[in-house]
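**Q** Structure provided below as structure tokens; questions to follow.
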Amino acid sequence: MYTVTVRDHFMIAHSFHGDTFGPAQRLHGATYIVDLELRRRDLDADGIVVDIGRAADVLRGILADLNYRNLDEVPEFRGRNTTTEFLARVIVDRIVGAIRRGDLGAAARGVESVRVTLAESHVASASYEAPVS
């Protein structure tokens, strides 16, 4: 399986509900480093998995919708704990949608799966992976 990875970051504010989260129940900030992995079995006719520049641009656009936002105020997240795991899934779903719309170009039609890893520090991260089909 071939893999291309692009990286970016975003910053948010949010709070969590439930005793599990201790002091994180209060409003706090987080900065995430985001690794987007795009995977396919065979390279396309140009010898690539996907256009890296387009992949980076699409990821940047998806993250721009979250960047510098208080996620507690985003209607689609209301009542949800916007954990690192939850946000990884949100980003994967948006990337898969972008691939299906053709936003990553023709080469991306061969991408079989997508994995997003969010690092919340140098010692902790969470990932979500899904097929594109």
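**Q** Considering only protein heavy atoms and a probe of 1.4 Å, how much of the accessible area of the chain is carbon and sulfur, as a whole percent? Spell out each step's value before the answer.
**A** Working: 3510 of 7300 Å².
C and S atoms contribute 48 percent here.
**Q** Per residue, how much accessible area does the chain have with a 1.4 Å probe, in Å²?
**A** 55
**Q** Which sequence of Y32, Y128, Y2 reflects their accessible areas, 1.4 Å probe, from the largest down?
**A** Descending accessible area places them as Y2, Y128, Y32.
**Q** How do I12, I48 rank by accessible surface area computed with a 1.4 Å probe, from largest to smallest?
**A** Details: I12 10, I48 60 Å².
Highest to lowest solvent-accessible surface, that is I48, I12.
**Q** Okay, next question. Using 0.36 nm times the number of residues separating Y68 and M1, minus their current alpha carbon distance, what extension gain do you get?
**A** 20.6 nm
**Q** Heads up, I need the accessible area for V50: 1.4 angstrom probe, whole protein in place, Å², nearest 10.
**A** Taking all protein chains as shown, V50 has close to 0 Å².
**Q** A further question follows. Loop-only trypsin sites (Lys or Arg not before Pro) in region 18-80, please: DSSP not H, G, I, E or B, and at most 12 other Cβ atoms within 10 Å.
**A** R26, R41, R78
**Q** Work out the FRET efficiency for T31 and E129 from their Cβ-Cβ distance, taking R0 = 22 Å, and round it to the nearest 0.05.
**A** 0.45
**Q** Please give the calculated 222 nm ellipticity per residue for the chain, where each DSSP H segment of at least 4 residues contributes -39500 (n - 2.57) and the sum is spread over every residue; nearest 500 deg cm²/dmol?
**A** Estimated from H runs of four or more residues: -7500 deg cm²/dmol.
**Q** Still on this structure, please answer the following. Angle check, please: helix 84-101 long axis (alpha carbons) against the longest principal axis of the chain (alpha carbons), in degrees 0 to 90, nearest 10.
**A** 30
The values are calculated or read from the model by the stated rules, or taken from the named source; none is laboratory data. This is a predicted model, so every value here is computed, not measured. For neighbour counting, all protein chains shown are included, and Cβ atoms are generated from backbone atoms with ideal geometry for every residue, glycine included. Side chains are part of the model used for accessible areas, which takes the heavy atoms of the whole protein and leaves out ligands, DNA and RNA. Shrake-Rupley method; radii C 1.70, N 1.55, O 1.52, S 1.80 Å.
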